[in-house]
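Beneath this line is the structure, given in C-alpha cells, with notes to follow.
The values are calculated or read from the model by the stated rules, or taken from the named source; none is laboratory data. Every value quoted in this text rests on a predicted model; they were computed, and no experiment measured them. Every residue, glycine among them, receives a Cβ derived from its backbone with ideal geometry; neighbour counts consider all protein chains shown. The area values use the complete protein model at the heavy-atom level, side chains included, leaving out ligands, DNA and RNA. Shrake-Rupley method; radii C 1.70, N 1.55, O 1.52, S 1.80 Å.
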Amino acid sequence: MERMAMGGEINEDVIRAVCTNFHGSMEDIVVHHDSQTAVVFSPFKEYHRAAILERRSGKTGSFAVSAFHPPKPGKPVRYSGFINFCADIVEALTLKVFLERIRVMVEENKVYGSAITPAQVAGAMGRKRDLMQFVQSYERANRISYRPDRPEFF
C-alpha cells in the first residue's frame, strides 16, 4: 500500500488498487477504510525506531520511540518485542481516548442510552492498566527514547 500511495494518503483508491492485485476483479469486494494510526518501523544497527502518527478529532500528532541495543556485545533488542511494545503503546493511547470520551459523557450526563456498557468500561480500564504495566516493564528493561516526548497515557 505504501508503495502504491507513493508517500501520499492511503485512501480508498489505493486500497482498491492493492486489493485488485491480490483478488483480481473488485466487483464483489467492498472496501471500507478508516485510518487513525500509522506506525513506520525502522531497524538500525544501534537501535530500533518507530514513528507513530495518530489522527484523532481532526488533529494529527506524531512521536517517535527508539529502543537502543546494549553497548556491550550480547543480546540486541529483539525486533518482535519492540513491535509488540509499540502495539501496546498504540492500544493504550486508543483506550485513553475511549475512556476520556466516557468521562465527558458522564460529565455531560449523556451516558444513559449509550450502547457502551459498564462491563466494557471496566474491561477497558483493566486492559489499559495491564498495557501500562507492559509498557513500563519494557521501558525499565531497555534504554528507550521518545521524541519529542513520551506520550501522555493518563
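If you scan segment 131-153, which residues turn out to be charged (D, E, K, R), part of a helix (DSSP H, G or I) and surrounded by 13 or more Cβ atoms within 10 Å (Cβ to Cβ)? Matches in segment 131-153: E139 only.
If the condition is being of a type in the set (D, E) and at pLDDT 65 or above, then segment 3-52 contributes E9, E12, D13, E46. Scanning segment 46-68 for residues that are in contact (Cβ under 8 Å) with a residue 24 or more places away in the chain and under 18 Å from N142 (Cα atoms) yields Y47, H48, A50, A64, V65, S66, A67, F68.
Total residues in segment 109-149 satisfying the condition of being closer than 29 Å to S66 by Cβ and either touching a residue at least 12 places away in the same chain (Cβ under 8 Å) or over 20 Å from the mean Cα position of the chain (by Cα) (or both): the figure is 18. Residues of segment 77-114 that are modelled with pLDDT of 90 or more, outside any loop (DSSP other than H, G, I, E, B), over 18 Å from F153 (Cα atoms) and β-branched (V, I, T): I83 alone.
Has segment 88-96 got at least one residue that is within 30 Å of R16 (Cβ to Cβ) and of a type in the set (D, E, K, R)? Yes, the conditions are met somewhere in segment 88-96.
Can you spot a residue in segment 60-71 that is open to solvent by 50 Å² or more (accessible area, probe 1.4 Å), under 30 Å from N11 (Cβ atoms) and among the aromatic types (F, W, Y)? No, there is no match, as no residue in segment 60-71 is open to solvent by 50 Å² or more (accessible area, probe 1.4 Å), under 30 Å from N11 (Cβ atoms) and among the aromatic types (F, W, Y).
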